[in-house]
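The structure under discussion appears below in the form of structure tokens.
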Amino acid sequence: MTAARLLRTAAAVALPALAAAHAAPVVSTFGPLRNRVMPGLAGRGRPGHVALTFDDGPDPLSTPFFLRALDERKVRATFFLLGREARRSPGVVRDIAAAGHEIGIHGWLHRPLLLRGPRATYDDFARARDTVGEITGRPPRLFRPPYGVMSTAAHLAARRLDLTPVLWTCWGEDWRARATPESVHRTVARDLHGGGTILLHDSDCTSAPGAWRSALGALPRILDTCAERNLSVGRLCDHGVRQLT
């Protein structure tokens with residue numbers, strides 16, 4: 001066998017194996033499995049507490065409505081920000097921090113991590129972390145991948161950057177064009193349990209136009225449901241989620 005043929009054969013074996021290794025963490029995307037066997041990644045915390053989280057901001061139009069609604073209920077939450085949007089609206093980022101909310105990153109751009117290599121993944125995370133840290137004066141420690149899909153490169157980059165990935169146990173499917181406050185509340189309440197983490201969106205930059213209004217309309221009802229179930233609501237840092245990296 002010639003050297004060239006040996007190289008082709010090795011590549012034919014190695015490349016699929018590397019691709020499989022890169023994509024292996026995608027299994028965490030399956031919510032029921034993640035909630036059961038990866039509680040830290042799913043955002044499982046104290047039994048009597050629920051973590052409230054928001055993705056895709058900041059948005060100078062929509063985010064202030066959420067900040068006002070949370071302030072009226074004396075609730076603090078965790079916001080996972082896109083680095084590019086943070087750079088565009090630094091004043092909103094400062095408003096989030098000044099209100100006592102926790103800030104994590106959602107990457108620089110909302111793009112699937114499975115399509116990125118190790119270097120591009122690291123650069124994306126680092127750029128988002130550094131941008132948010134410069135605005136707030138405090139480097140973020142939490143990370144949530146776009147679409148909730150992790151990769152091996154993402155895990156390695158998060159470890160190097162001292163970021164803990166956290167997903168969720170229930171969501172409102174509030175990004176859909178047909179979502180309503182009633183549907184968002186119903187979807188969250190169906191899977192809402194003590195120790196869980198709720199995912200909503202305070203921006204429609206990656207959702208149907210105006211979809212954030214369904215989340216905002218559902219928010220008081222979700223908080224009421226938590227109160228009815230004797231569950232306190234707050235940030236992930238109050239939730240008892242262990243560092244994973």
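Throughout, read-outs are computed from the coordinates displayed, never taken from laboratory work. As the structure is a computational prediction, the values presented were derived from the model and not from experiment. Glycine gets a Cβ as well: all are built from the backbone with ideal geometry, and neighbour counts include every protein chain shown.
Hey, with R₀ at 22 Å, roughly what FRET efficiency would ARG88 and LEU115 work out to, going by the Cβ-Cβ distance, to 0.05? Using R0 = 22 Å, I get an efficiency of 0.40.
Kirkwood-type hydrodynamic radius, the stretch 78-165: 12.6 Å, calculated from all non-identical alpha-carbon pairs. At q = 0.13, 0.14, 0.19 Å⁻¹ the log10 of I(q)/I(0) for the stretch 28-238 amounts to -0.65, -0.77, -1.48, computed by Debye summation with a single uniform scatterer per C-alpha, solvent ignored.
What you get for the stretch 28-238, charging only the Cβ of Lys and Arg (+1) and of Asp and Glu (-1), is a dipole of about 480 debye around the Cα centre.
Restricting the calculation to Cα atoms, the stretch 56-109 shows an Rg/Rh of 0.94 when the hydrodynamic-style radius is the Kirkwood one. Could you check the spin-label model distance between ARG176 and SER232? Points 7 Å from the Cα along Cα→Cβ, value in nm. Using points 7 Å along Cα→Cβ, the separation is 3.4 nm. Each label was represented as a point 7 Å from its Cα along the Cα-to-Cβ direction; for ASP123 and ASP162 these points are 2.4 nm apart. The Rg/Rh ratio for the stretch 91-135 is 1.06, where Rg is the radius of gyration of the alpha carbons and Rh is the Kirkwood radius.
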